[in-house]
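The values are calculated or read from the model by the stated rules, or taken from the named source; none is laboratory data. The shown structure was predicted, so the numbers you read here are calculated from the model rather than taken from an experiment. Ideal geometry is used to build each Cβ from the backbone, glycine not excepted, and the neighbour counts take in all protein chains shown.
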Amino acid sequence: MNIEDHLSQFLARHPDGRLRVGFSGGRDSTVLLATLVRLPQARARDLLAVHVNHGLHAEAAQWEAHAQAIAGQLGVPCQVDRVQVLERTEVGLEARARAARREAYSHHL
């Protein structure tokens, strides 16, 4: 079974609602988005790529532009959410960035 089959089965089990993809613009999320675009049942569900820009890296603006360009090439709207990662807490930077992404994604559900 390939990725298209898995995604088709998932969409068949969950036929309703909008379809949102957390989209970094990296290989994994690009393959996911490109595969979904090929599936009629995904295209019919208000497919949207959501890119979260933490602003943590010097290349953050380039990654944002890259994500928008790839989504555009695939014909998928791309929403960019710019977030602030909480200042020092008892958890590390990666955990704080993950929490900020989850919070941003929750607004698209």
So the check is Cβ under 6 Å with 6+ separation or different chains; which pairs have a first residue in the stretch 34-45 that's under 20 Å from GLN68 (Cβ atoms) and a second one that's part of a helix (DSSP H, G or I) and of a type in the set (Gly, Ala, Ser)?
LEU36/ALA42
Across the stretch 53-72, which residue is farthest from ARG38 (Cα to Cα) among those that are at pLDDT 95 or above and surrounded by 17 or more Cβ atoms within 10 Å (Cβ to Cβ)?
GLU64
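Please enumerate the residues belonging to the stretch 62-73 that are free of Cβ contacts under 8 Å to residues at least 40 places away in the same chain and under 25 Å from ALA44 (Cβ atoms).
Applying the first criterion (free of Cβ contacts under 8 Å to residues at least 40 places away in the same chain) to the stretch 62-73 yields 62-65, 68-69, 72-73.
Listed by number, the residues that qualify are GLN68, ALA69, GLY72, GLN73.
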Of these, HIS57, HIS108, which one is assigned to a loop (DSSP other than H, G, I, E, B) and touching a residue at least 60 places away in the same chain (Cβ under 8 Å)?
HIS108
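Picking from VAL50, VAL76, which residue would you name as being assigned to a strand (DSSP E or B), touching a residue at least 40 places away in the same chain (Cβ under 8 Å), within 12 Å of the chain's Cα centre (by Cα) and closer than 23 Å to ILE3 by Cβ?
Numbers: VAL76 fails: assigned to a strand (DSSP E or B).
Result: VAL50 is the single residue among VAL50, VAL76 that is assigned to a strand (DSSP E or B), touching a residue at least 40 places away in the same chain (Cβ under 8 Å), within 12 Å of the chain's Cα centre (by Cα) and closer than 23 Å to ILE3 by Cβ.
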So GLY25 ticks every box in (1) at positive phi; (2) over 14 Å from the mean Cα position of the chain (by Cα) but one. Which box is left unticked?
(2)
Taking the stretch 79-105 and keeping only residues that are under 24 Å from ALA42 (Cα atoms) and touching a residue at least 40 places away in the same chain (Cβ under 8 Å), one is left with ARG101, ALA104, TYR105
Of the residues in the stretch 95-109 that are farther than 17 Å from LEU48 by Cα and of a type in the set (Lys, Arg), the one that is farthest from the chain's Cα centre (by Cα) is ARG96
Check GLY92, GLY75 and return the single one that is modelled with pLDDT of 90 or more and exposed (fewer than 12 other Cβ atoms within 10 Å of the Cβ).
GLY75
